[in-house]
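J.: Okay, here's the structure, questions in a sec.
The values are calculated or read from the model by the stated rules, or taken from the named source; none is laboratory data. Since the model is a prediction, treat every value here as computed from it, not as a measurement. Note: ideal-geometry Cβ built from the backbone for every residue, glycine included; neighbour counts use all protein chains shown.
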Amino acid sequence: MFFKSSILTIGFVCGLSQLIFASSVRAASIDFSSWNRYGDVNTPALGLANFSTNALQNDDANPDSLFNFSNSPAIDSITLEFNLGLPTQSLDPDVPNFIYAFEGSGLENRYTFTEDTILSFGWTFLTNDATQTISGFNFDDYSFIALNGRIQTLGSTNSSVNTLVSSSTNFRREFSGSYLQTLSPGTYSIALGVVDVGSFDNTSALRVSNAQLMSQSQKVPEPSGIVGILTAFGLTVKSIMKKRRI
């Protein structure tokens, strides 16, 4: 009898804890192969994507095959902006000083979320470019994410954005980081890409890994509901103890 009542009590407590702290988390790796692709883009597996600024013009000291991921050339920045749904000249770092993005590659897709959703991924910016300063401005290739047309730099050759280190890949230098953003319910255009700034020579690239969309809803009972549950628990325990005495 004691064994049965103990199991009942433990089961009730476990059920209570699950009810109070119940949460539902749903995470899914992003299938970049279903996104709109422009330029040199490769999507080898779920959650993975590679982009470069390589236009198959032999702009690097080594063969293009070492830096181009798809055997397709990068495209000019004006076309890339249009295809990604970005405002005109939004990829150009400093138009008044004639600092323009020349070419690049990117991915874009549109999602509608009905609840808070977390977008997350790891990324690595790779480059053969050096940080060059002319008239006080850095000619910096950069990688980016854009949400509804608003661009955020991920990695760059600009030393004020990040510190590049030697790369173990075919590229000279790299910098890695992670991205996490909670998106409120609504419709979003999400774009990822990399662009060449200030010159055509030397390839830069972006690698994205472990990209996920995760929706999380957590339900907590009202205080009055919890009191009712605890009261029911107390009555159950009292009934069990009374039966044991009989």
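J.: Give PHE121, PHE82, PHE144 a once-over and let me know the one that is surrounded by fewer than 16 Cβ atoms within 10 Å (Cβ to Cβ) and hydrophobic (A, V, I, L, M, F, W, C). Steps first, answer last, please.
T.: Values: PHE121 fails: surrounded by fewer than 16 Cβ atoms within 10 Å (Cβ to Cβ); PHE144 fails: surrounded by fewer than 16 Cβ atoms within 10 Å (Cβ to Cβ).
PHE82 is the lone residue from the list that is surrounded by fewer than 16 Cβ atoms within 10 Å (Cβ to Cβ) and hydrophobic (A, V, I, L, M, F, W, C).
J.: Can you tell me which of (1) buried (at least 22 other Cβ atoms within 10 Å of the Cβ); (2) part of a loop (DSSP other than H, G, I, E, B); (3) not hydrophobic (A, V, I, L, M, F, W, C) is the one ASP196 doesn't meet?
T.: Evaluating ASP196 over (1) buried (at least 22 other Cβ atoms within 10 Å of the Cβ); (2) part of a loop (DSSP other than H, G, I, E, B); (3) not hydrophobic (A, V, I, L, M, F, W, C) leaves (2) as the failure.
J.: Could you count how many residues in region 203-219 are more than 16 Å from SER29 (Cα to Cα) and either buried (at least 21 other Cβ atoms within 10 Å of the Cβ) or among the aliphatic types (A, V, I, L, M) (or both)?
T.: Adding up the residues that qualify gives 4.
J.: Name the pairs whose Cβ atoms lie under 8 Å apart, with the first residue in region 88-100 and over 17 Å from GLN152 (Cα atoms), the second acidic (Asp, Glu) and part of a loop (DSSP other than H, G, I, E, B), and 6 or more positions between them or separate chains?
T.: Every condition considered, the pairs that remain are ILE99/ASP92.
J.: How many residues does region 87-134 contain that are touching a Ser or Thr at 6+ places or on another chain (Cβ under 9 Å), over 22 Å from ASP59 (Cα atoms) and either of a type in the set (Gly, Ala, Ser) or not assigned by TED's automatic domain parsing to the domain that holds PHE175 (or both)?
T.: Here the count works out to 2.
J.: Sticking with this structure for a sec: Looking at (1) closer than 22 Å to SER176 by Cα; (2) modelled with pLDDT under 95; (3) of a type outside the set (Val, Ile, Thr), which one does SER120 not meet, given that it meets all the others?
T.: Failing condition for SER120: (2).
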